[in-house]
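First the structure, in the form of structure tokens, and then the observations on it.
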Amino acid sequence: MTATVALAQIHVEAGDVDDNVDRAVDAVAAAADRGADLVALPELFNVGYFAFDLYERLAEPLEGKSTTRLREAAAEHGVAVLAGSVVEDLAATESVETPAEEGYANAATLFDANGDLRLVYRKHHLFGYDSAENDLLVPGERVETADVCGLTVGVTTCYDLRFPALYRRLIDAGAELILVPSAWPYPRLEHWETLSRARAIENQCYVATVNGSGEFEDATLLGRSTVHDPWGVTLAASGDDPALVTAEVDPGTVADVREEFPALRDRRL
């Protein structure tokens, strides 16, 4: 059984939550019209990753207006939605277990086609290089997968691409598709393309990286949202402008690749 994955590479304006969420909701509707089964949005799609001085003021609980609108869009259009990520106010979140009583996290939420919450992923590796994220946020601890659209889905976020051990944990939890909401800037294009392909090849799974589009005071997002298959072949990709990237993914292909070339089975732990 195949599923159509859509990566919504939307334009993100720093701090313009209402317009950013409007664009996200419109992208979900457009993806549904194209027959998508699962739609993924970029990292901090509502606030903008590089708007560090706005994190605290614009933080929301997971039941906040941004994720609520995406949950409602999922149910309205009958598609699963990864609400990229938001700055989560941990103390205010009520619906799921939180790893700390207070502070803020970079939290992605996955809703199924009924609008039910299936997975929460809080970014594990917080960026410290020329970034305030590591000073402002609390890292996540939990690694989970969820079965949606006939696939076992895992989530990591942006900088996590540089830490392959995290992906091994997801593979051991059964992941066939890993979604990577991101806010990856220029000039590190080669890193973006190489790391995402490497994670697909070494884990023999689909890796779908969804980046944002837009300029901030000190950074420009490079876009290039991409779907790699379990061989590392690029199935679909965008440029740096807003785009909707779609590709067919098939859990049967994951099983076939792992059977034909059993690298995972040959691991020595």
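The values are calculated or read from the model by the stated rules, or taken from the named source; none is laboratory data. As the structure is a computational prediction, the values presented were derived from the model and not from experiment. Cβ coordinates were reconstructed from backbone atoms using ideal geometry, including for glycine residues, and neighbour counts include every protein chain displayed.
Scanning region 105-142 for residues that are hydroxyl-bearing (S, T, Y) and surrounded by 19 or more Cβ atoms within 10 Å (Cβ to Cβ) returns T109, Y121. Within region 173-216, being at negative phi, outside any helix (DSSP H, G or I) and surrounded by fewer than 24 Cβ atoms within 10 Å (Cβ to Cβ) holds for A173, P185, Y186, P187, R188, S213, E215, F216.
Taking the condition surrounded by fewer than 16 Cβ atoms within 10 Å (Cβ to Cβ) and farther than 20 Å from L38 by Cα, does D240 pass? The answer is no for D240.
Please verify whether S85 is small (G, A, S), surrounded by fewer than 15 Cβ atoms within 10 Å (Cβ to Cβ) and in contact with a strand residue (DSSP E or B) (Cβ under 9 Å, 6 or more places away or on another chain), treating the condition exactly as stated. No; evaluated as a whole, the condition is false for this residue. Among the residues of region 70-114, the one identified as within 16 Å of V25 (Cα to Cα), in contact with a Lys or Arg (Cβ under 6 Å, 6 or more places away or on another chain) and aliphatic (A, V, I, L, M) is L110.
What do you reckon, is D160 over 15 Å from the mean Cα position of the chain (by Cα) and either charged (D, E, K, R) or within 27 Å of A27 (Cα to Cα) (or both)?
no
Here T145 fits the description: farther than 16 Å from Y55 by Cβ and either surrounded by fewer than 24 Cβ atoms within 10 Å (Cβ to Cβ) or not aliphatic (A, V, I, L, M) (or both). Put simply, of T145, T98, T67, T152 the only residue that is of a type in the set (S, T, Y) and over 29 Å from R224 (Cβ atoms) is T98.
Residue pairs whose Cβ atoms lie under 8 Å apart, sitting 6 or more positions apart in sequence or on different chains, and linking a residue in region 248-269 that is at pLDDT 95 or above to a partner that is loosely packed, with under 11 Cβ neighbours inside 10 Å and part of a loop (DSSP other than H, G, I, E, B), are D250/M1; P251/M1; G252/M1; R258/R265. Residues that are surrounded by fewer than 24 Cβ atoms within 10 Å (Cβ to Cβ), assigned to a loop (DSSP other than H, G, I, E, B) and out of contact with any His (no Cβ under 6 Å at 6 or more places or on another chain) within region 148-172 comprise C149, G150, listed in sequence order. One residue stands out in region 220-235 among those that are surrounded by fewer than 18 Cβ atoms within 10 Å (Cβ to Cβ) and not polar (S, T, N, Q): the one that is nearest to A132 (Cα to Cα), namely G232. Can P139 be described as modelled with pLDDT of 95 or more, touching a Leu at 6+ places or on another chain (Cβ under 8 Å) and part of a loop (DSSP other than H, G, I, E, B)? When the stated conditions are applied, P139 passes them.
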